[in-house]
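Step one of this worksheet: look at the structure below.
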Amino acid sequence: MALRLPSARALLIGALALAVPGVPYAYARSQRLEVEHRAATVASAMTNRSIHVKCPGPIRKRFMYEIHEGSVWFDADGVPVSETKLSADTCDGLREALDHAPALQLACLTGGACPGAEERVAQALAVLAHEIVHLRGVRDEAITECHARGRVASVAAAFGIDPAGGERIARWQTVTWSQELPPQYRGAC
Ligand SMILES: [Zn+2]
């Protein structure tokens, strides 16, 4: 008995039905990997070692409640591991920087209300700068945050933000964001 193969047309429809739900997933994954790669590149350059950056995938993004915007583990000897995990909000903010850096109205950070994604982008870059300082071996939160303010403009540049925008983000981190942080993040500078 001959095996009846599905027609070419049926195969095509079947392939499309399988492919369509996968397209947004694959796209989201490539978008996430680009953010991880860009963040890892700047983190590695600032620590002189190879750093991995992890953004949450779709499952972790949906089901995990994240308390920390970013984290770095230190081993028993007080040496930071070569990896940082960032929250979904942080990764989304970095993605927005990559996608929209030239259009961001970063002047709003130092006076007035921001029209769009500027504060999310600024916070994401501030968090990444903070984790990079931990990766350099600093554990104390206040000292880490103090050093991060001096590095955030360079981190921002890696995501396409010009020096003037980087300065504004650093100022926002010092003046505005610092007030939202718990006491252990303040007072070192
Ligand atoms: Zn910290």
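Figure legend. Inter-residue proximity from segment 67-93: first residues free of Cβ contacts under 8 Å to residues at least 40 places away in the same chain and on the phi < 0 side of the Ramachandran plot, second residues assigned to a strand (DSSP E or B) and within 12 Å of the ligand (Cβ to nearest atom), beta-carbon distance below 6 Å, spacing 6+ or different chains. Indicated pairs: Val81/Trp73; Lys85/Ser71; Thr90/Gly70. Search segment 138-188 for residues being surrounded by fewer than 16 Cβ atoms within 10 Å (Cβ to Cβ) and basic (Lys, Arg), and hand back the single one that is farthest from the chain's Cα centre (by Cα). This residue is Arg186.
Among the residues of segment 130-169, count how many are within 13 Å of the ligand (Cβ to nearest atom) and touching a residue at least 60 places away in the same chain (Cβ under 8 Å). Total meeting the criteria: 7. No other residue among Gln123, Gln179 is in a helix (DSSP H, G or I) and at pLDDT below 95 apart from Gln179. Could you look through segment 48-85, keep only residues that are more than 19 Å from Ala124 (Cα to Cα) and polar (S, T, N, Q), and pick out the one that is surrounded by the most Cβ atoms within 10 Å (Cβ to Cβ)? Going through the qualifying residues, I end up with Ser82.
Okay, residues lined up against (1) at pLDDT 95 or above; (2) within 16 Å of the ligand (Cβ to nearest atom); (3) under 14 Å from Glu131 (Cβ atoms); (4) not acidic (Asp, Glu):
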{"residue": "Ser44", "(1), (2), (3), (4)": "yes, no, yes, yes"}
{"residue": "Thr47", "(1), (2), (3), (4)": "yes, yes, yes, yes"}
{"residue": "Val53", "(1), (2), (3), (4)": "yes, yes, yes, yes"}
{"residue": "Pro58", "(1), (2), (3), (4)": "no, no, no, yes"}
{"residue": "Pro80", "(1), (2), (3), (4)": "yes, yes, yes, yes"}
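The values are calculated or read from the model by the stated rules, or taken from the named source; none is laboratory data. Computed from a prediction, not measured in an experiment: that's the story for all the values here. Heads up, the Cβs are rebuilt from the backbone with ideal geometry, glycines too, and the neighbour counts pull from every protein chain shown.
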